[in-house]
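The values are calculated or read from the model by the stated rules, or taken from the named source; none is laboratory data. Predicted, not measured: the structure shown is a model, and the values here were computed from it. Cβ: placed from backbone, ideal geometry, glycine included. Neighbour counts: every protein chain shown. Ligands, DNA and RNA are excluded from the accessible area calculation, which covers all protein heavy atoms including side chains. Shrake-Rupley method; radii C 1.70, N 1.55, O 1.52, S 1.80 Å.
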Amino acid sequence: MKLENRQLIEIIGVLAVVISLLFVGLELRQSTIASRAAAYQEIGLATSELWFQLAHNRELNDLFAKIVNGTEDDYRNLNDSDRQLLISLTIGSLRQFESIYLQVSQGLLQAEALSSLGYDAFLRSNDLKFMWCDVRPEVGEPFAAYIESNGMQGCN
């Protein structure tokens, strides 16, 4: 009789451990989902803020549009102040892009975050193409290599 009770107690103990592990796994999964949702929201807000800056500054918006729709000569012929303004805007955008890239690299965000948030379009934009060599030193080497592996011309 004692042996049966002991076996029953052991089975109950094993079941309790399994149920506890399942509960911890479920909690971890929910925490991961919540963290990803918060990251997407934060990135969305930061991206929106950048676009709102362009929308509320006609001069900056016109300058940005001129380069996005223009040629490399248009960029090279800008005065120093306008060129620096565009470089600053591009560095800010690249920093957001790099942050997403790092979160994807570390497995915190899924790989499609780069495209679903619209940052893959940045890889094909004239402004980045024209000023890549000016802004490349401002990003980390792994991210710069990622940009260049996606078609951006390297710098000498």
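A few points about this structure:
- Residue among I100, I87 that alone is under 25 Å from Q41 (Cβ atoms), part of a helix (DSSP H, G or I) and in contact with a helix residue (DSSP H, G or I) (Cβ under 9 Å, 6 or more places away or on another chain): I100
- For G107: the one exception among (1) more than 30 Å from A37 (Cβ to Cβ); (2) not in a helix (DSSP H, G or I): (1)
- Matching residues in segment 137-153 - criterion: being touching a residue at least 12 places away in the same chain (Cβ under 8 Å) and either more than 23 Å from L85 (Cβ to Cβ) or not acidic (D, E) (or both): V139, G140, P142, F143, Y146, I147, N150, G151, M152, Q153
- Cross-chain or 6+ apart pairs with Cβ under 7 Å, segment 107-136 first and under 18 Å from S149 (Cβ atoms), then open to solvent by less than 50 Å² (accessible area, probe 1.4 Å) and hydroxyl-bearing (S, T, Y): L114/Y101; F122/S93; L128/T90; V135/T90
- Scanning segment 92-135 for residues that are charged (D, E, K, R), open to solvent by 30 Å² or more (accessible area, probe 1.4 Å) and within 21 Å of L63 (Cβ to Cβ) returns R95, R124, K129, D134.
- Of everything listed in (1) touching a Ser or Thr at 6+ places or on another chain (Cβ under 9 Å); (2) within 29 Å of R36 (Cα to Cα), the single unmet condition for V68 is (2).
- Checking E112 against (1) acidic (D, E); (2) under 20 Å from the mean Cα position of the chain (by Cα); (3) more than 27 Å from A34 (Cα to Cα), the condition it does not meet: (3)
Rundown of residues vs (1) touching a His at 6+ places or on another chain (Cβ under 9 Å); (2) within 22 Å of Q53 (Cβ to Cβ); (3) modelled with pLDDT of 90 or more, yes/no style:
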site: L89; (1), (2), (3): no, yes, no
site: S93; (1), (2), (3): no, yes, no
site: Q96; (1), (2), (3): no, yes, no
site: Q106; (1), (2), (3): no, no, no
site: A121; (1), (2), (3): no, yes, no
site: N126; (1), (2), (3): no, yes, no
site: K129; (1), (2), (3): no, yes, no
site: C133; (1), (2), (3): no, no, yes
